[in-house]
Amino acid sequence: MSDMMKVFVGQELGHQIKENYPHMQYPPCLYAKVVGVKKKGEELYEATIKILGKNRQPDSRFPEVPNVATDIPVRKNEVVAIVLMYGECKPYIIGRCF
């Protein structure tokens, strides 16, 4: 009987996280590769990024994300650190990774 309860609780917990806390499914900070960049104004850049996994390989769960505004001077093919605010796919570049 206790195994059935464990299975039920596990399934319900997974459902609750997916529905109410989607931002908990992924790490809050990720690597991303800059696949394109345009300078917009004096100190503003607009980048297209590809999110990478822990091993810095492309993560197929995420598509390329265009129009990511940043004031950090980034270059094409550079690896950057990003955050996904509250689980939305609206990344914010917080710095370059070396």
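A few remarks follow.
- Scanning segment 17-30 for residues that are surrounded by 10 or more Cβ atoms within 10 Å (Cβ to Cβ) and out of contact with any Gly (no Cβ under 8 Å at 6 or more places or on another chain) returns Ile17, Lys18, Pro27, Pro28, Cys29, Leu30.
- Annotation: Lys33 fulfils all but one of (1) part of a strand (DSSP E or B); (2) surrounded by 11 or more Cβ atoms within 10 Å (Cβ to Cβ); (3) more than 13 Å from the chain's Cα centre (by Cα); the unmet one is (3).
- Selection of segment 51-89 for residues being over 14 Å from Pro28 (Cα atoms) and among the small types (Gly, Ala, Ser) yields Ser60, Ala69.
- Only listed residue being without any contact (Cβ under 8 Å) to a residue 24 or more places away in the chain and either among the acidic types (Asp, Glu) or not in a helix (DSSP H, G or I) (or both), chosen from Glu43, Glu19: Glu19
- Residue within segment 49-66 that is more than 30 Å from Glu19 (Cα to Cα), surrounded by 15 or more Cβ atoms within 10 Å (Cβ to Cβ) and out of contact with any Asp or Glu (no Cβ under 8 Å at 6 or more places or on another chain) present: no
- Test: Gly14 is farther than 14 Å from Glu78 by Cβ and surrounded by 13 or more Cβ atoms within 10 Å (Cβ to Cβ): no
- Checked against (1) open to solvent by less than 80 Å² (accessible area, probe 1.4 Å); (2) touching a strand residue (DSSP E or B) at 6+ places or on another chain (Cβ under 8 Å), Lys38 passes all but condition (1).
- Contacts under 6 angstrom Cβ, first residue in segment 77-98 being in a loop (DSSP other than H, G, I, E, B), partner of a type in the set (A, V, I, L, M, F, W, C) and surrounded by 13 or more Cβ atoms within 10 Å (Cβ to Cβ), 6 or more apart: Glu78/Val34; Cys97/Val79; Cys97/Ala81
- Of all residues in segment 1-46 being closer than 17 Å to Met85 by Cα and of a type in the set (A, V, I, L, M, F, W, C), the one that is modelled with the lowest pLDDT: Met24
The values are calculated or read from the model by the stated rules, or taken from the named source; none is laboratory data. Worth saying up front: this structure is predicted, and the values here are computed from it rather than measured. Here Cβ is always computed from backbone atoms with ideal geometry, including for glycine, and neighbour counts include all displayed protein chains. What goes into the accessible areas is simple: the full protein's heavy atoms, side chains included, and nothing from ligands, DNA or RNA. Shrake-Rupley method; radii C 1.70, N 1.55, O 1.52, S 1.80 Å.
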